[in-house]
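The values are calculated or read from the model by the stated rules, or taken from the named source; none is laboratory data. It should be emphasised that the depicted structure is a prediction, and the values quoted were computed from it without experimental measurement. Heads up, the Cβs are rebuilt from the backbone with ideal geometry, glycines too, and the neighbour counts pull from every protein chain shown.
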Amino acid sequence: MLEEVGTQSAEDLYEDVPERLRLKGSMNLPQPLLSEYELKRHVEGILAKNESAAEYLSFLGAGCYQHHVPAVCDEVNRRGEFLTAYAGEPYDDHGRFQALFEYASSMGELLNMDVVNVPTYDGFQAMATSLRMACRLTGRREVLIARTISADLLSRIRDYCKPNITVKLVGYDPKTGQLDLDALKAKISDRTSAVCFENPSYLGFLEVHGHEISQIAHDHGAICVVGADPISLGVLTPPADYGADIVCGDIQPLGMHMQFGGGQAGYIATRDEEEYVAEYPSRLFGIAPTSVPGEYGFGDVAYERTSFAVREEGKEWVGTAAALWGITAGVYLALMGPQGMVEIGEGLMSRSRYAMLEMDKIEGVKAPVFRSPHFREFVANFDGTGKTVAEINKALLTRKIFGGKDLTMELPELGKSALYCVTEVHTQDDIDRLVTALKEIVD
Amino acid sequence: MVMDKKLGLIVNPIAGIGGRVGLKGSDGAEVQRKALKLGAVRQSLNRAIRALERIEPVDDLEIVTYPGEMGEDAARACGFAPTVIGSIIPGGTTREDTISAAREMLELGVDLLLFAGGDGTARDIYNATGERMVVLGIPAGVKIHSAVHAINPVSAGNLAGSYLQGRTSALREAEVMDVDEEAFRQGFVSAKLYGCLRVPFQRRWLQGRKAPSSPGEQAAMVAIAADVVSRMADDWLYVIGPGTTTRAITARLGLDKTLVGVDVIRAERREGKEAWLGELAAADVNESQLLALLGGRKAKIVVTPIGGQGYIFGRGNQQISPDVLATVGKDNVIVVSTSAKIHSLGGRPLLVDTGDRAVDSMLSGYTNVVSGYNERIVYKVSYC
Amino acid sequence: MAQEDITRHRYTNGKPNLRRFHQAKWDEPIIFELSCEGQRGILVPEIEEEVKEQVGDVLADLPGYMRRKEPPGLPELSQPQVLRHYVRLSQENLGADLNVEIGQGTCTMKYSPKVNDQLAGHPKLADLHPLQDEETVQGILEIMFRFEQILKEISGMDRFSLQPAAGSAAIYANVSMIRAYHESRGEAGQRDEVITTIFSHPSNAACAQTAGYKVITLYPDEDGYPDLDALKAAVSERTAALMITNPEDTGIFNPRIEEFVSVVHDAGGLCAYDQANANGILGITRAKDAGFDLCHFNLHKTFSSPHGCGGPGAGAGGVTKELERFLPVPVIAFDGERYSLDYERPDSVGKLRPFYGYVPVVLRAYAWVMSLGAEGLREVAEIAVLNNNYLLKKMLEIPGVSAPYAKGKRRIEQARYSWEELAQETGIHSEELGVRAADFGVHYWTSHHPFVVPEPCTLEPTESCSKDDLDEYVGVLAHVAEEARTDPELVRTAPHNSTVHTIDHSPLDDPSQGAMTWRAYLKKIGRKTE
């Protein structure tokens, strides 16, 4: 080959790289593990230093959830045909297009909306983009967001909105956690492009005034953006039905292992209206006929954005995101079906309610802190125990239990509080074990 | 495919007749006689046939055309039974025939006018119908500077068929150029913008892959206009050169612009969403009017490359003379262009030819081209 | 009797004949059409009786309007039906595991070792919650830390973040840090321009614009190299940064890269190096040595993690000491004994995403480097470049192909070709050739839009190809090019051996017809009402 190319060595192929910039000598990297066995042993040896949530009993949530991952989900997303495909045409990669179209379609059913994107990076990006879409659509530059979102999400939104969008937070009722409607009415104006809240909230409770919030937004010409966990939509009304214009969130609960946070993927959904569709920075796959009647073809949807009046609010970008997780979520929803989504929703609400009731019985513990319906997570307060959450969690750790996320630093107004998450992987015994352990620790 | 469409067909039998025998262009009876004497063969018929055979002769597609060599022959050769209108003197057709044909087809409401011809034919059609019809050119001429034509007869036929079948509906504004034939025969090109025709364009299937498709030409022009307008100041005059991109700027200000002339405008800032309102200070000015208006005033000149060769000065905007440019200064020249237009230059620089070497030199080097909202391309400007 | 010699029909003059390929074609319905009421794919654990009694009707607490009235209209299938449907769809793809995957230029579609996939799926990673006590995740933190050290060595930069979700996300993170840097020096208002080149990845422009910057794009000089004079004309006190890819998407390395960097530095701007195209220069040249302040790598490209139909991948962003404080939080720290997540970084641009990045992708990247070492990485680069230059030579032997710019010069790891000559001759466009190529089991990518190189085709062989693979690929393209001349209709009406036939894209451009979900489609064809 070298001969054909007309050189003696590969060195000559770098003729455009100046001598000055050439690395002298070798890079100082670890010795390679040349045999597959050695490599595997090395990496597994390091991984062995981890203790996973499968080995411990975990009540952690806060954006990454321990739900059961059906075996068929793993089977499908491990197939090399899906795993190693990328960006072929709708001919040679027809399967990928169809799988993602079906994912979007199933999400559309859950959300009662007709347009769902090919996944973006994660729920944070989905919400940040949704807010910018709202700004582009309305031509306004101020967004109002419920204060009860996580500090991490707020950090992402602030950075992403930096160019010229103002982010304002709307307070909540300390008893219920619910968005303070009076505070919202006071803050909203004709400069507001979007009113945004999560349902369920980061703090686990359900926002029960969604229809009023969206009404207030619409009365002022603002767009209502709701962050919703899709696993809740078997039992909860989809936000579109109470006035949400853009719905977004993370699909990790739908068939992705937690992977230390590596299973995240974001969705954005809207009505099928041209001006909304034109604002998506993500890919949108549409269905199309072929030259043979009855064949399903697919392709990218891209409407001309001719009206530029509000487009100067800045474009976004599209890149490699999380398509494989989208396909997986499609498989998950097909396996679960309507009945499965109803059952899991009820199950999550029941189990977390049970945990709240049992934990509340513990001396010094208050659960839930917010007097509202909850979905899968709740805030528990430990002020009465005289112990910090850190101390309690350390003690739980010795009992091989991961306690809820410590909220003390993030939300000091909640005192010594933690965010507990209960899913369908927790049996009654598991919850009882937690409660027993907590009892011991606080005594 | 449901059609029920009318396709207008005009073949200019003398288009391109001069080329093969070394004569540039074919306007003028004298040139035509010379060409025929030199053994020139009429190519436009063949070209028209090559295009038409791409279109299926189905029942609900009606071809409307002129007799004999102006279209009927080509249509029949491809198996169509055309509706023949008008009358001609065979072997002696003129520009007037083209113009009449186009006008009649406009009256009949054809969905698409397909013509075989060059710049001259395009100009005649523009004269006849303005921008009221959708038109597509089958290239059959020596010098095609207009953007109304497909790249070859086969493409023209494909695109026409696609448009008639409703498989493509996008339209773009294509420049019709006016080339001085005599000058051309003497060996130099002098083209200027003559008008604009609406032409179908095939949006290629979007290989969406890793990035969304670029905005269409329309969206790009609106973005450029938004950028330029947002930076306008109340106390400046703006000299707006010919072109569709510059026209988008005045359109954004609510003004009508002469497509091929140079207009001078002012902009006023208002409160609210559409924050600027335009005012026409003078339309279609010549050099002395321009100098009079600009005397002592702060002014900017906004130009866009015209035609395929990338001239920003010296082709069709000679009113913006060396004196005007010297008065305004290089720093106050704003060049606008869509990135597609820049790409069509194929790496060649933008060109200036004001007639004054010193001014040409001043304008050369690199210029910041406004190519979108908050988007610039730094591109080379040259003179030769 | 002698056995029939099948082999003699498979070779001509010692070379293998063109593959008689046909893609899997299942004509599979949309999954909703397979739905059968009452079918179920998986059951969920039931709530214990005691729990049920205690909690009662949990939905009763909700206001009526918040209780979903009807179960969602999801498809109802049995488990084997779901599996069969998706396995069929999986067969209708042409991934790197299946084809000579050199057509997706700029994507660096190399072999993703299966052992790395196994490791990435290990329960001791799959079942880790990101918020677990640090004591329990020392293993994964160690892997991430070690990988960061590797990237530091490869690039010469001082610190990395593995948090960005992919290449574009890393570019955006770099833009955020650039902005934070200028803000810290009170120059953010003054510096509102970012410079890039037309052949850098479009995300450099798009991300800068998203962050509110004005973007200035430079075009190449006559030889196809980035134009230094143009840069000098573009740079000013308004310059925040230069953000470029090198080698560019045309495969051309900018030999004056150092000058580019110093021109921008002299004007007070920063320089960010998009290393999406790093595969050909590993161990050859480093970001730091050319003077860059920031860089990023695509772990699903150069570092072998599979592309997953479009992610998840990962982007790793590196910075010099001066910019370390702006890195996203948390960064991974090691005190000699313990690994930890460091959030004490007041100047950080904040969190890019929930948690720490696409960790399984990082793990694969780590394993990949560990299997190769410094020498191995260097070999990767050299083989990738050799493969590409061999491919270049072979491609240019096909009549009608050209490789614009840098005539007669080498390319690094990829090259952009033009079919312009062939298109002029035959009227067949590059996209059409690509679709016909799929009839032989390969595909290719043209270029980002809008096309600068006319009728483009961008190919990147990587080190994973053999000479035979390259010969096969070129053989297909040469054959298709020939067909464009002799049987253009066949090419124009392709594909013939694929999953479906020519797609009519017009509904996708028309808002009155476009349907992005099955429910939307049913409405638009009149089979379902609102």
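In table form, for the structure just shown:
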| item | result |
| --- | --- |
| Selection count where residues are farther than 19 Å from B:Ile125 by Cα and either assigned to a loop (DSSP other than H, G, I, E, B) or without any contact (Cβ under 8 Å) to a residue 60 or more places away in the chain (or both), scope region B:74-89 | 9 |
| Single residue of region C:193-217 satisfying the filter (in a strand (DSSP E or B) and more than 24 Å from the chain's Cα centre (by Cα)) that is farthest from the other protein chains (Cβ to nearest Cβ) | C:Glu193 |
| Residue satisfying condition, being crowded, with 22+ Cβ neighbours inside 10 Å, more than 12 Å from chain A (Cβ to nearest Cβ) and either among the hydrophobic types (A, V, I, L, M, F, W, C) or touching a strand residue (DSSP E or B) at 6+ places or on another chain (Cβ under 8 Å) (or both), within set C:Leu386, C:Leu391, C:Leu377, C:Leu422 | C:Leu422 |
| Every residue from region C:79-116 that is outside any loop (DSSP other than H, G, I, E, B), more than 7 Å from chain A (Cβ to nearest Cβ) and under 23 Å from the mean Cα position of the chain (by Cα) | C:Lys114, C:Asn116 |
| Of all residues making up region C:441-486, the number that are free of Cβ contacts under 8 Å to residues at least 24 places away in the same chain, under 26 Å from C:Gly224 (Cβ atoms) and among the polar types (S, T, N, Q) | 1 |
| Flag if C:Gly350 is in contact (Cβ under 8 Å) with a residue 12 or more places away in the chain, more than 30 Å from C:Val115 (Cβ to Cβ) and in a helix (DSSP H, G or I) | no |
| Filter result for A:Gly263 (in a loop (DSSP other than H, G, I, E, B), within 24 Å of the chain's Cα centre (by Cα) and either at the interface with chain C (Cβ under 7 Å from one of its Cβ atoms) or of a type in the set (Gly, Ala, Ser) (or both)) | yes |
| Positions within region A:1-41 being part of a helix (DSSP H, G or I), of a type in the set (D, E, K, R) and surrounded by 11 or more Cβ atoms within 10 Å (Cβ to Cβ), in sequence order | A:Glu4, A:Glu11, A:Asp12, A:Glu36, A:Glu38, A:Lys40, A:Arg41 |
| From C:Leu34, C:Leu74, residue being buried (at least 16 other Cβ atoms within 10 Å of the Cβ), more than 32 Å from the chain's Cα centre (by Cα) and either facing another protein chain (nearest Cβ under 7 Å) or touching a residue at least 24 places away in the same chain (Cβ under 8 Å) (or both) | C:Leu34 |
| One residue from C:Pro328, C:Pro360 being over 27 Å from C:Glu258 (Cα atoms) and either out of contact with any strand residue (DSSP E or B) (no Cβ under 6 Å at 6 or more places or on another chain) or assigned to a helix (DSSP H, G or I) (or both) | C:Pro360 |
| Some residue of region C:152-166 being within 30 Å of C:Gly224 (Cα to Cα), surrounded by fewer than 23 Cβ atoms within 10 Å (Cβ to Cβ) and touching a helix residue (DSSP H, G or I) at 6+ places or on another chain (Cβ under 9 Å) | yes |
| Meets criteria (free of Cβ contacts under 8 Å to residues at least 40 places away in the same chain, farther than 30 Å from C:Lys152 by Cα, at the interface with chain C (Cβ under 7 Å from one of its Cβ atoms) and surrounded by 20 or more Cβ atoms within 10 Å (Cβ to Cβ)) for A:Val76 | no |
| Which listed residue, of A:Ile157, A:Ile145, A:Ile216, is hydrophobic (A, V, I, L, M, F, W, C), over 21 Å from the mean Cα position of the chain (by Cα) and not in a loop (DSSP other than H, G, I, E, B) | A:Ile216 |
| Scope region C:403-419; condition surrounded by fewer than 24 Cβ atoms within 10 Å (Cβ to Cβ) and not in a loop (DSSP other than H, G, I, E, B); matching residues | C:Ser418 |
| Residues satisfying the stated conditions in region A:233-260, i.e. more than 9 Å from chain C (Cβ to nearest Cβ), surrounded by 24 or more Cβ atoms within 10 Å (Cβ to Cβ) and either out of contact with any Phe, Trp or Tyr (no Cβ under 9 Å at 6 or more places or on another chain) or in a helix (DSSP H, G or I) (or both) | A:Pro239, A:Ala244 |
| Output for region C:146-183, where each listed residue is within 27 Å of A:Lys24 (Cβ to Cβ) and assigned to a helix (DSSP H, G or I) | C:Arg146, C:Phe147, C:Glu148, C:Gln149, C:Ile150, C:Leu151, C:Lys152, C:Glu153, C:Ile154, C:Ser155 |
| Sole exception among (1) touching a helix residue (DSSP H, G or I) at 6+ places or on another chain (Cβ under 9 Å); (2) assigned to a loop (DSSP other than H, G, I, E, B); (3) surrounded by 16 or more Cβ atoms within 10 Å (Cβ to Cβ) for A:Glu363, by number | (3) |
| Qualifying residue in region A:96-103 (condition: closer than 22 Å to A:Gly261 by Cβ and more than 7 Å from chain C (Cβ to nearest Cβ)) | yes |
| Filter result for the condition that a residue is within 7 Å of chain A (Cβ to nearest Cβ) and on the phi < 0 side of the Ramachandran plot, over C:Tyr358, C:Tyr339 | C:Tyr358 |
| Given (1) more than 9 Å from chain C (Cβ to nearest Cβ); (2) of a type in the set (Val, Ile, Thr); (3) surrounded by 24 or more Cβ atoms within 10 Å (Cβ to Cβ); (4) in contact with a Gly (Cβ under 8 Å, 6 or more places away or on another chain), number of the condition A:Thr138 does not satisfy | (3) |
| A:Arg140 being of a type in the set (Lys, Arg) and outside any loop (DSSP other than H, G, I, E, B) | no |
| Counted residues, region A:366-416 - those being assigned to a strand (DSSP E or B) and either closer than 25 Å to C:Glu135 by Cβ or not hydrophobic (A, V, I, L, M, F, W, C) (or both) | 10 |
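A quick yes/no check of all residues on (1) surrounded by fewer than 17 Cβ atoms within 10 Å (Cβ to Cβ); (2) modelled with pLDDT under 90; (3) over 25 Å from the mean Cα position of the chain (by Cα):
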position	(1), (2), (3)
B:Gln319	no, yes, no
B:Asp323	yes, no, yes
B:Asp331	yes, no, yes
B:Val335	no, no, no
B:Ser339	no, yes, no
B:Leu345	no, yes, no
B:Leu351	no, no, no
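For (1) facing another protein chain (nearest Cβ under 7 Å); (2) free of Cβ contacts under 8 Å to residues at least 60 places away in the same chain, each residue gets a yes or a no:
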{"residue": "A:Leu33", "(1), (2)": "yes, yes"}
{"residue": "A:Glu36", "(1), (2)": "yes, yes"}
{"residue": "A:His42", "(1), (2)": "yes, yes"}
{"residue": "A:Ala54", "(1), (2)": "yes, yes"}
{"residue": "A:Gly61", "(1), (2)": "no, no"}
{"residue": "A:Cys64", "(1), (2)": "yes, no"}
